[in-house]
Amino acid sequence: MNSKTELKLHEELKRLQQISKLGLGLRIAWVPSPEKALSGEVKGDIIYIYEEDGQKAIEVLRHEVLDHLVSKAIEPYRMVTNELIKLINRVSYEKKEEIIGALCRLFEVKRQEDQG
């Protein structure tokens, strides 16, 4: 592995953290993998860089840091949206069950009328 590239990646991450004062818990893992579909990704607090080329790896690092920071900013909206979807699903299910109960009662009354 090219330790020069790895060192540059660590230095760039540190620089980005110092400038932004954000993402201070992020760490980097350079795992060159040309067969991977992704150039990089963040899992937990680790930025995985899969690019082999040093300059491209730096660009991917910058992209992943920005993506991580923006994702953190919109996380509350994602959480609220997911909770709202759960609520709507629950209310919708309860309403559906209520309607099915009413229809079952109507069919039972109709059956009894037809028999009587």
Next on the checklist: Taking the criterion of being within 23 Å of the chain's Cα centre (by Cα), surrounded by 10 or more Cβ atoms within 10 Å (Cβ to Cβ), at pLDDT below 95 and of a type in the set (D, E, K, R), would at least one residue in the stretch 96-111 satisfy it?
Outcome noted: no
Next on the checklist: Considering only residues that are under 18 Å from the mean Cα position of the chain (by Cα) and of a type in the set (A, V, I, L, M), which ones fall in the stretch 5-45?
Outcome noted: Leu26, Ala37, Leu38, Val42
Checklist outcome for this item: Considering residues that are more than 19 Å from Ser71 (Cβ to Cβ), assigned to a loop (DSSP other than H, G, I, E, B) and among the charged types (D, E, K, R), the number found within the stretch 33-57 is 5
Next on the checklist: If I filter the stretch 18-55 down to residues being among the basic types (Lys, Arg) and within 26 Å of Ala73 (Cβ to Cβ), which single residue comes out as surrounded by the most Cβ atoms within 10 Å (Cβ to Cβ)?
Outcome noted: Arg27
Next on the checklist: Name the single residue that is surrounded by the fewest Cβ atoms within 10 Å (Cβ to Cβ) among those in the stretch 1-17 being assigned to a helix (DSSP H, G or I), out of contact with any Gly (no Cβ under 6 Å at 6 or more places or on another chain) and touching a residue at least 12 places away in the same chain (Cβ under 8 Å).
Outcome noted: Lys4
Checklist entry - Across the stretch 18-32, what is the total count of residues that are without any contact (Cβ under 8 Å) to a residue 24 or more places away in the chain, closer than 16 Å to Glu59 by Cα and not in a strand (DSSP E or B)? => result 1
Next on the checklist: Given the options Ala102, Ala73, name the one that is without any contact (Cβ under 8 Å) to a residue 12 or more places away in the chain and under 28 Å from Lys21 (Cβ atoms).
Outcome noted: Ala73
Item to check | Qualifying position, being assigned to a helix (DSSP H, G or I) and either more than 25 Å from Lys8 (Cβ to Cβ) or modelled with pLDDT under 95 (or both), among Arg78, Arg62 | outcome: Arg78
Checklist entry - From the list Ile46, Ile58, which residue is touching a residue at least 24 places away in the same chain (Cβ under 8 Å) and in contact with a Lys or Arg (Cβ under 7 Å, 6 or more places away or on another chain)? => result Ile58
Item to check | Residue satisfying condition, being of a type in the set (D, E, K, R) and in contact with a helix residue (DSSP H, G or I) (Cβ under 8 Å, 6 or more places away or on another chain), within set Lys36, Lys21, Lys4, Lys43 | outcome: Lys4
Checklist outcome for this item: Taking the stretch 75-95 and keeping only residues that are of a type in the set (D, E, K, R) and under 12 Å from the mean Cα position of the chain (by Cα), one is left with Glu75, Arg78
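The values are calculated or read from the model by the stated rules, or taken from the named source; none is laboratory data. Quick caveat, the model's predicted, so the values are computed rather than measured. Cβ: placed from backbone, ideal geometry, glycine included. Neighbour counts: every protein chain shown.
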